[in-house]
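Single-structure report; data block below.
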Amino acid sequence: MIALPNINQSIGVYVVEWEIELRSRIEDKSDGSLTIAMPSDGRSERPLPRGAVVYLDWISDRGVVRVRGVVSELVRIPVPALMIVIDGEPEIHQRRNYVRASANLTIVATPLSEHSAGVEPATLSGATFDLSGGGMRVRLRHYEGAIGARLRVELTLPDETVTEILATITRRPLPDVYCLQFDQIEKRAQEKIVRLVFERLRAIAGRAA
C-alpha cells in the first residue's frame, strides 16, 4: 500500500469541476483524511466548496502518486485550510522516469531527416524548459520541425557532462517550442536525469514548506 503524503509536503490539487491544477501543502493527516493549506493558483488562494471532487498529487521515490478526495469542510489551524476525505487508494500516476521538473539546460540539436536526405544537417542551439527521464520541452529558434521529425540532441547536464539522445517531436505548443520524446538514451544518463528531476522537485517542496 502506498502511504499518504507527509505533513508539510507540497502537493498538486486538481479540481475536477473547474478543470484546473492548484498548489498546496499538507497541514495535518489522520486515518482517511488530509488537511491541506488553502490551494493557490500562484497569485491568490482559491477556496473550494464543500463536496468538490479533487485529485491530490505528490512526489514519491516511485513517481507521482495520485489519490481521489472530496472537500469535507473548511477548518482553521489557525489559518484557513481544507479537510479532504480520501476516496480510494493512492496509486502511481506517473512513473519516476516520466516525472518532470523545470530545468534550463543547454542543448544542441541536429535534425536527422535532413541528414538522411543527403542534405548537410543544420546545427540548432537551444535550451530546455523542463525535462524528465523520458522526454523534454525545449526552445529551438529558426527551426520548422514537423510532428514526428527526429533529432539527435546533445544535452549538457549541470555537471557539464554531455549526453547524446535520439528523440522524436511529439508536440509543438508554440512556434519555437517543441516537446520531445526520448527514443534512445544511455541508461546511466537517463538515471542521472531522473535524479536531477527529483532533486529539483524536493528543493521546490522544501521551499514551499
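Every number here is computed from the coordinates shown, using simple stated rules; none is lab data. In this text the structure is predicted, and so the values were computed from the model without any measurement. No Cβ is skipped: glycine too gets one built from the backbone with ideal geometry, and neighbour counts run over all protein chains shown.
Treating the beta-carbon of each Lys and Arg as +1 and of each Asp and Glu as -1, no other charges, what is the dipole magnitude of segment 101-200 about its Cα centre, to the nearest 20 debye?
Numbers: 12 positive and 13 negative charges, 64 e Å.
Once rounded to the nearest 20, the dipole reads 300 debye.
³J(HN,Hα) across segment 29-46 via Karplus (A = 6.51, B = -1.76, C = 1.60, θ = phi - 60°), whole Hz, x for Gly/Pro?
Result, rounded to whole Hz: 8, 8, 4, x, 8, 10, 9, 10, 4, 4, x, 10, 9, x, 10, 8, 6, 10.
With +1 assigned to the C-beta of every Lys and Arg and -1 to the C-beta of every Asp and Glu, and no other charges, what is the dipole magnitude of the chain about the Cα centre in debye, to the nearest 20? Mind dumping the intermediate values first?
Values: 27 positive and 27 negative charges, 38 e Å.
With Lys and Arg at +1 and Asp and Glu at -1, about 180 debye.
Run the simple label-point estimate for Arg139 and Asp87 please: 7 Å along Cα→C-beta, distance reported in nm.
4.1
Please identify, among Tyr143, Tyr55, Tyr178, the residue showing maximal mean-square fluctuation in a Gaussian network model of the chain using a 10 angstrom Cα cutoff.
Sorting by GNM fluctuation, first place goes to Tyr143.
Which one, (1) 20.1, 73; (2) 19.3, 71; (3) 20.2, 68, gives Rg and Dmax of the Cα atoms in Å as derived from the coordinates shown?
Only one option fits the structure, namely (3).
Report the residue, chosen from Ala189, Ala122, Ala167, that carries the largest GNM mean-square fluctuation when the chain is represented by alpha-carbon nodes joined by springs under 10 Å.
Sorting by GNM fluctuation, first place goes to Ala122.
Can you work out the Karplus-derived ³J(HN,Hα) for every residue in segment 180-190? Use 6.51 cos²θ - 1.76 cosθ + 1.60 with θ = phi - 60°, whole Hz, and x for glycine or proline.
Those phi angles translate into 10, 9, 6, 9, 8, 7, 4, 4, 5, 5, 4 Hz.
Quick one: which residues, 5 or more positions from Val99 or on another chain, have an amide H under 5 Å from its amide H? H modelled 1.01 Å from N in the peptide plane, none for Pro or chain starts.
Gly133
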